[in-house]
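The next block holds one structure in the form of structure tokens; read it before the comments.
Just so it is clear, none of the values below were taken in a lab; they were calculated from the coordinates. Model, not experiment: these values are computed from the prediction. Virtual Cβ from ideal backbone geometry, glycine too; neighbours counted across all protein chains shown.
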Amino acid sequence: MSTSLDTSILARAGVADSTIHSGRDTYYPMQAWYCIGLFLFIIGVFQWTSVFYSKLAGMRSIRGGDPELADGSRSRKFSFSRIAVALTNAYRVIAFRWTLEFGKSYTLNMAEVFMTIAYVAFLYVWAFINTTNLEGDKLAWRYWWDRAGTLASSQFPLITALGTKNNLVSLVTGISYDKLSYIHRMATRVVFVLLWVHGGSEIVHKSKFDPEFTETWLLCGIVSLAALSILCIISLRPVRAGAYEFFFYAHFALVAIFLACAYIHDQDNEYGYWIYPCFAIWGLDRLLRLVRLIVFNHSYFGFHSGATMDATAELLSEDFVRLRCHRPPHFRWTPGQTAYLIMPSVSRLPFEAHPFTIASFDSDLFSSVEQDKTFKDTNNQRSLAKHALGSGAPFWKELVFFINVRGGFTACLKEAALARRKVKVFVDGPYGPSPDLGSYDTSVLIAGGSGVSYTLPTLLDIIEKVREGKSNCRRVVFIWAIRDANHIHWIDDTVIRALHLVPPSLSVSIHIHVTGVPVTTESLPRLEDHSEKTREDPNSDIIENQDGKAVEKNKDVLNSMEAVKVENGRPNLPAILREEVECATGRMSVSVCGSHGIARSVRHALRFPVSSPLNVLRGGPSVTLHVESFGYA
């Protein structure tokens with residue numbers, strides 16, 4: 001009688017246990033989402049408040065509302081009124097410039113480290129909290145086994161959103177999709193471990209002869225986990241860097257398998273509602289990108305002649321290609337933004353999209369130069385109005401890209417450049433944020449190689465805004481590190497024209513460092529004498545010489561301009577930045593686009609004591625650092 005009673009009690013306890021852990025499997029993931037939503041909202045409030053404050057500070061400074069900095073002088077006196085600015089500066093240093101480095105190319109800043117630890121702790125606490133059953137057994141596997149799976153499933157919509165170009169997370173937080181890429185990968189790997197906790201516990205606690213192992217829902221769960229496991233392995237940086245296009249195709253296929261099988265697996269357990277939003281998020285992103293493709297490339301869809309969007313690929317050196325294509329009149333962008341290029345005649349698959357920074361400058365500044373009374377040479381004004389990055393590229397009519405040749409798609413593009421053939425291009429974009437430097441008193445722009453695609457338009461944007469009275473910037477330092485002195489020809493025409501447009505209130509200093517073949521006078525840009533055709537037509541700005549190369553009328557070259565210094569060797573970035581910080585007042589911005597080595601050097605240089613709170617309290621600048629690193633995300 002006693003044995004029968006005990007069995008009955010245990011059975012009732014088992015049913016109660018099942019009811020309890022099933023309920024928690026449902027509402028614990030909901031609680032997790034409430035916390036994530038609140039966190040994103042708080043981040044968004046801080047981010048957008050910072051943006052608003054920067055705009056407001058810039059407007060006040062332009063209107064002369066900051067008497068301390070009105071004359072550009074710097075007080076060395078300790079000022080308690082700058083405590084808030086000093087604390088903000090200290091936060092930036094600790095969160096974004098203190099880093100953990102793994103090898104030569106992998107770096108995590110403290111903000112990313114904190115996010116990783118917090119996310120791991122958050123999910124695993126939610127997975128293993130309250131796992132004592134009614135019999136008093138702690139960490140009862142039935143309590144955390146299913147919960148680990150449902151918690152992981154609840155993160156799929158977030159992970160999917162973080163991997164798309166048009167997502168709500170970016171809209172709420174103000175953080176661009178490319179900056180969210182790390183969180184996308186990190187969250188995927190955390191969920192990957194959580195799914196193995198879920199799947200592994202089932203394998204351990206169930207007999208291999210259990211009839212459930214032959215059911216469709218369980219087999220789909222195994223296939224789904226296998227697909228995610230393979231994806232996590234091939235997404236490791238060495239694999240991505242060595243075979244990016246393989247990763248690109250495999251990523252698409254494995255994610256499709258993973259989500260489809262996960263839906264079948266979860267739907268059988270009534271948790272499929274966590275999966276189908278992933279398809280909706282991905283589909284909406286693709287729809288928006290398709291609409292952009294049609295709007296910006298309508299000539300290819302039968303509305304006009306398709307030739308208007310044909311591109312020209314030019315081989316600048318063994319490792320660099322310049323791509324130039326006409327821009328639609330309604331396509332607008334700001335400095336630092338990227339565009340995804342689809343080139344069916346170049347890529348292996350017709351729908352491949354590759355991101356590149358737009359190197360040209362979207363402005364009508366040059367078209368209005370003729371009305372500027374500070375210029376006396378009418379022909380020179382017309383020349384300024386007609387040129388862009390590289391000789392002969394109309395600044396407001398073309399999209400220009402500097403592309404580093406690596407392998408795969410870029411190697412095929414190099415072959416097209418060697419063959420001098422036109423390539424059809426579909427443009428999707430623009431994407432990403434643009435650095436708003438209008439509120440900064442000093443801006444330092446640092447680039448390596450093709451990173452000039454980011455910094456040169458930014459320089460031109462600063463010059464334009466200062467001329468229009470929209471920026472209070474007083475000094476710009478432009479640093480470009482290149483391997484070959486011949487690379488100077490990529491931008492010499494644009495730099496010469498930009499320096500002619502610099503207003504008296506703005507100090508511009510350009511440093512070009514040749515790290516490879518030593519620079520000589522002969523290797524610097526030197527413009528030819530006028531040809532006979534030029535003398536016959538004094539109004540022409542560009543002509544063709546016997547070799548088919550553009551010959552410009554200007555006699556001045558970069559090495560004759562005071563603002564430009566061309567030097568051999570790597571730039572001493574710590575020394576340069578230390579000097580600029582010591583001389584600067586107000587707000588200072590440092591923007592970097594280059595290799596991991598350049599980014600690392602700049603981060604180290606802008607830590608304490610150069611950018612310390614004490615320095616800010618004594619009148620030093622509050623320094624903001626923006627990094628765009630090369631490499632695979």
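Observations on the model:
- Modelled spin-label separation between L614 and V193, with each label point placed 7 Å from Cα along the Cα-to-Cβ direction: 3.9 nm.
- Backbone geometry of the stretch 176-181 corresponds, through the Karplus equation with coefficients 6.51, -1.76 and 1.60 at θ = phi - 60°, to 3J(HN,Hα) couplings of 5, 4, 5, 6, 7, 4 Hz, x marking Gly and Pro.
- Protection-proxy order for peptides 239-248, 456-465, each taking the mean of Cβ atoms within 10 Å per residue, highest first: 456-465, 239-248
- For the stretch 439-509, the square roots of the Cα gyration tensor eigenvalues, ordered a ≥ b ≥ c, give a/c of at least 1.5 with a/b greater than b/c, which places it in the prolate category.
- In sequence order, the stretch 279-290 has phi-based couplings of 5, 5, 5, 5, x, 5, 4, 5, 5, 4, 5, 5 Hz under the Karplus curve 6.51 cos²θ - 1.76 cosθ + 1.60, θ = phi - 60°, and Gly or Pro positions carry x.
- Residue-by-residue Karplus 3J(HN,Hα) for the stretch 86-101, coefficients 6.51, -1.76, 1.60, Hz, glycine and proline x: 5, 5, 4, 5, 5, 4, 4, 5, 5, 6, 10, 10, 7, 9, 9, 10
- The calculated FRET efficiency for V204 paired with T26, based on their beta-carbon distance and R0 = 25 Å, is about 0.55.
- Straightening the chain between L38 and K565 buys 184.7 nm, computed as 0.36 nm per residue apart minus the Cα-Cα spacing.
- Here R607 and I230 are evaluated by their C-beta separation; at R0 = 60 Å the FRET efficiency comes out at 0.90.
- Note on the stretch 171-272: with charges restricted to the Cβ of Lys and Arg (+1) and Asp and Glu (-1), its dipole about the Cα centre is near 600 debye.
- Under 5 Å between amide hydrogens, built in the peptide plane, is the criterion, and for R406 it picks out A411 among residues at least 5 positions away or on other chains.
- Comparing Cα centroids, the stretch 96-110 and the stretch 471-508 end up 31 angstrom apart.
- Unit charges on C-beta of K, R, D, E only; dipole of the stretch 216-295, Debye: 440 debye
- Placing pseudo-labels 7 Å out from each Cα toward the beta carbon at T19 and F102 gives an inter-label distance of 4.6 nm.
- Computed FRET value (nearest 0.05) for E270 with E582, which takes r as the C-beta separation and R₀ as 60 Å: 0.40
- 31 Å Cα-Cα threshold exceeded, pairs from K104/K179; K179/K465; K165/K422; K104/K465: K104/K465
- Gain on full stretching of the segment that runs from A118 to F246 - 0.36 nm per residue minus C-alpha separation: 42.8 nm
- With K and R counted +1 and D and E -1, the other residues having a Cβ less than 11 Å from that of A152 yield a net charge of -1.
- Rounded if a/c under 1.5, otherwise prolate or oblate - the stretch 74-139, Cα gyration tensor axes: oblate
- Euclidean distance of C-alpha centroids, the stretch 113-191 and the stretch 562-619, integer Å: 38 Å
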